[in-house]
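First up is the structure itself, then whatever we jot down about it.
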Amino acid sequence: MYQFFVEENQLTGDRIAILGNDVNHIKNVLRMKSGERVRVSISDNGRSFFGIIDSISEDEVIVQVESEDENGTELENRIYLFQGLPKGDKMELIIQKAVELGVYEIIPVSMKRCVVKLDDKKASSKIAKWQAISESAAKQSGRSIIPCVRNVMSYKEALNYAFTMDYTIVPYELAEGMEATKAALANIKPGMDVAVFIGPEGGFDVSEIAEAGEKGIVPISLGKRILRTETAGLAVMSIIMYHLEIGE
């Protein structure tokens with residue numbers, strides 16, 4: 001079943017108007033017809049509905065609501081991924097897969113060992129592209145929200161932002177073994193806002209780990225092997241998703 005997102009004002013009673021680029025996608029790419037079932041989520045609040053396409057015109061697709069999706073597809077926790085800026089197009093893969101795994105928000109972070117440096121113009125263009133990838137991944141994976149990709153933050157800004165959350169972890173190759181990781185994950189309770197910091201290709205600078213420690217951020221191990229930056233965040237997301245969903 002295909003997934004689409006709309007604004008709250010596009011829901012009127014038991015009818016939803018799909019507008020914009022999705023109309024062309026429905027008509028000319030998916031070649032959908034009246035009578036086909038879809039899932040539509042309100043991007044403002046995450047409410048989701050199952051419905052049937054009632055009509056398709058040049059500028060809108062009208063969906064007749066059948067029922068509201070009471071179960072939804074979102075985790076009970078909001079997971080914030082603070083990702084050190086990687087080289088090349090690795091960020092695109094990270095965003096796509098993190099969205100599939102249930103991330104709530106992705107924050108690109110400029111760290112000491114980041115090779116990539118983005119000026120304001122480049123950053124703005126990148127963010128727009130990354131947000132589009134997030135939306136596409138949200139549709140593909142049946143999310144009820146489109147995770148936000150924030151503007152690039154400095155490491156200090158990122159630490160201050162994470163400080164407002166309930167719990168923060170940072171995978172670090174010099175952290176204690178997996179028993180400590182297991183204990184750290186056990187501290188994540190339903191409803192918590194959880195921040196995860198991932199270093200760039202060169203890893204964290206020692207001073208950055210020290211700063212994180214001053215903020216009460218918990219270092220964890222991901223095992224005996226060194227993971228690439230595009231693997232580490234996804235590994236953590238997978239572990240957290242399993243920990244949260246198996247407890248439901």
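The values are calculated or read from the model by the stated rules, or taken from the named source; none is laboratory data. Not measured: the values here are computed from a predicted model. A quick note on method: Cβ atoms are made from the backbone with ideal geometry, for glycine too, and the neighbour counts reach across all protein chains shown. Only protein heavy atoms, including side chains, enter the accessible area calculation; ligands, DNA and RNA are left aside. Shrake-Rupley method; radii C 1.70, N 1.55, O 1.52, S 1.80 Å.
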Note to self: Ignoring everything except DSSP H segments at least 4 long, calculate the 222 nm mean residue ellipticity for the chain; use -39,500 (n - 2.57) per segment, divide by total residues, nearest 500.
What the structure shows: -10000 deg cm²/dmol
Notebook entry, point to check: For the stretch 172-238, what Kirkwood radius comes out of the mean inverse Cα-Cα distance, in Å?
Noted result: 12.7 Å
Next item on the list: Determine the dipole magnitude for the stretch 168-248: charges of +1 sit on the beta-carbon of Lys and Arg, -1 on that of Asp and Glu, nothing else is charged, the reference point is the Cα centre, and the result goes in debye to the nearest 20.
Entry: 240 debye
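Which net charge results when you count Lys and Arg as +1 and Asp and Glu as -1 among the other residues whose beta-carbon is under 9 Å from that of GLY102?
-2
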Note to self: Test of understanding: what is the full-extension gain from ILE56 to PHE163, defined as 0.36 nm times their sequence separation minus their Cα-Cα distance?
What the structure shows: 33.8 nm
Check: Based on Cα positions only, what radius of gyration and what Dmax would you give for the stretch 98-201, in angstroms?
Finding: 15.2, 44
Check: Any idea of the accessible area per residue across the stretch 110-228, 1.4 Å probe, to the nearest Å²?
Finding: 55 Å²
Notebook entry, point to check: With each pseudo-label sitting 7 Å past Cα toward Cβ, what's the ALA123-ALA180 distance in nm, one decimal?
Noted result: 3.2 nm
Notebook entry, point to check: What is the dipole size for the stretch 91-248, taken about its Cα centre, with +1 at each Lys and Arg Cβ and -1 at each Asp and Glu Cβ, in debye to the nearest 20?
Noted result: 440 debye
Note to self: Per-residue counts of other Cβ atoms within 10 Å, averaged by peptide: what ranking do you get for 122-129, 1-8, highest first?
What the structure shows: 1-8, 122-129
Margin query: Sort 98-105, 51-58, 110-117 by the packing proxy (mean of other Cβ within 10 Å over each peptide's residues), most packed first.
Written below: 98-105, 110-117, 51-58
Note to self: With 26 Å as the cut-off, how large is the P(r) tail for the stretch 40-178, expressed as percent of Cα-Cα pairs?
What the structure shows: 35 percent
Check: Taking the stretch 152-198, which GluC sites (Glu not before Pro) meet the DSSP loop condition and have no more than 14 other C-beta atoms within 10 Å?
Finding: GLU176
Next item on the list: Could you tell me what percent of the accessible area of the stretch 1-103 is made up of carbon and sulfur, with a 1.4 Å probe and every protein chain present?
Entry: 42 percent
Check: With labels modelled as points extended 7 Å from the Cα through the Cβ direction, what inter-label distance (nm, one decimal) is found for GLU68 paired with ASN151?
Finding: 3.5 nm
Notebook entry, point to check: Which order, highest average first, do 15-28, 225-238 follow once you tally other Cβ atoms within 10 Å for each residue and take the mean per peptide?
Noted result: 225-238, 15-28
Next item on the list: Return the whole-Å distance between the Cα centroid of the stretch 188-248 and the Cα centroid of the stretch 1-72.
Entry: 36 Å
Item checked: Expected-Rg normalisation [2.2 N^0.38 Å, Cα atoms] applied to the chain -> 1.11
Notebook entry, point to check: Taking a temperature of 25 °C and a viscosity of 0.890 mPa s, what whole-number D in µm²/s does Stokes-Einstein yield for the stretch 7-72 with Rh from Kirkwood over alpha carbon pairs?
Noted result: 207 µm²/s
